Amino acid sequence: MSLPRQLRDESDFEQLPEDVAVSAHIADAEERSGFSVYYAFVIEVKTKGGCKYFIYRRYSQFFTLHAKLEDNYGPEKGMPPYICTLPPLPAKIYVGNKKEIAEGRVSLLNAYMKALLNSPVWILLDEDLRLFFYQTADDSRRIPRGLRRLRPHTRKIKKNSQHISDMERPRAEALFDFRGNADQELNFKCGDLIYLLSRVNKNWLEGSTVDGVGIFPESFVRIIKDLPEEKFPVSWLRCYFHDYDVCSIRDIPLEEDVKKRPSYNELLQLIRNQFPGIELALNMKDPDGDLIRLMDDSDMELLVTKGKRKSQLENFFLWELHITRIDDMDVYRNM
C-alpha cells in the first residue's frame, strides 16, 4: 500500500504553469447580503509567475473544495499513487454571531491554504483547486469594501511645486507588473519608480509615476524611502442600552467620518452585531428627555439634528443613540 505523500517535489514544481496559485492569504472578511446575511473572505492570491489578485470566497466554497479533494486524494478514498493527507479544514459552526465566526476562521483558513498550496504538484494541478483560486470576472470587478471606503481622492501633481529633491521623496520600486481593476488604481511595470503620496490602509498606498496617480497594493513594491508614520483617527459612536433594569453605555469604534449620516438599515445592522441575539429597537432622546423610536430612513435626519450630545468628545459622532429591547414599551413611560 502506498503511503500518503506530503512533500512537494521541487523539480516537478518548476514545471508548473505560471498561472498556478502558490500562495494565498485572507486580507479581510466582508459582510454581504443575499437571501440572508453572510461573510465572504477577501483573499489575495499569488501565482507561480508572480501575478497577484483578489478573489472572494465563502466558507461553504472552502467546504465543497475540501470534500472534493478528500474524495480524490484522501487516504480513505484516493487512488495510489495520488494519495495525500490533506490539511484539516475548520469545522462547520451552526450557532453564533456570523461576524465573530468569520473573523475566528481567518487564521485557521490562512493556515489551511498555506498547507494546501504546499501539497504535491498533482494537487496544485487539480481542476477544482485551480478553479477555486482562479480570479473570475466577478472577482475582478469587485473592490474590497475597506479599500473603497478609505480610497483617497486622486490628485494632480504639479512638478513645479516640488521643493524637495527626488532622493528625499518617499518612493518605492515595483517588484511586479500591476494592472489595476478600477480607474483609481495605478498601472505600472516591474522596475518602475513610484513616488509615494499617502497610505490608504495597511495594505494599499497612493503614489505617482510619469504616467499618472493612483492607488496600488504595497505587496507589489519594495519601499525605498517610506512615508512618515501616520495616525489614523478612529471615530466613536456612543450608544446607551436601556435594558429592563439597567442602562449601560457602549462606545463603538468606526472607520467613518463623524459627519456621516447612516441609513436606518446600516445603523440597525451595526447595533445588531454589537448586541447579538437580542431583538432591539433604535431610539433617540428628545430635548425633554423622552425616548422616540426610530423606524426608517426618514428618522435619520431627526436623529442627527435633534439627538445631539450635550458634551463634545473628540472624534465622537455628534449625536447619541439609545437602544431598547423591541418589546419593552415601559421604557417610554418611565423616562
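All but one of (1) at pLDDT below 80; (2) closer than 17 Å to Arg57 by Cβ hold for Leu109; state the number of the condition that does not hold.
(1)
What helices (runs of 4 or more DSSP H), lying completely within region 20-133, carry at least 1 residues that are open to solvent by 70 Å² or more (accessible area, probe 1.4 Å) and more than 23 Å from Gln274 (Cα to Cα)?
Per the criteria, 59-73, 98-116, 127-133.
Is it the case that some residue within region 304-311 is at pLDDT below 80, open to solvent by less than 60 Å² (accessible area, probe 1.4 Å), in contact with a strand residue (DSSP E or B) (Cβ under 6 Å, 6 or more places away or on another chain) and not in a helix (DSSP H, G or I)?
Yes; the residues of region 304-311 include at least one that is at pLDDT below 80, open to solvent by less than 60 Å² (accessible area, probe 1.4 Å), in contact with a strand residue (DSSP E or B) (Cβ under 6 Å, 6 or more places away or on another chain) and not in a helix (DSSP H, G or I).
Only residues that are open to solvent by 10 Å² or more (accessible area, probe 1.4 Å), part of a strand (DSSP E or B) and either polar (S, T, N, Q) or touching a Ser or Thr at 6+ places or on another chain (Cβ under 7 Å) (or both): list them for region 209-222, please.
Thr209, Val213
The values are calculated or read from the model by the stated rules, or taken from the named source; none is laboratory data. Computed from a predicted structure; not experimentally measured. Virtual Cβ from ideal backbone geometry, glycine too; neighbours counted across all protein chains shown. SASA here: full protein model, heavy atoms, side chains in, ligands and nucleic acids out. Shrake-Rupley method; radii C 1.70, N 1.55, O 1.52, S 1.80 Å.
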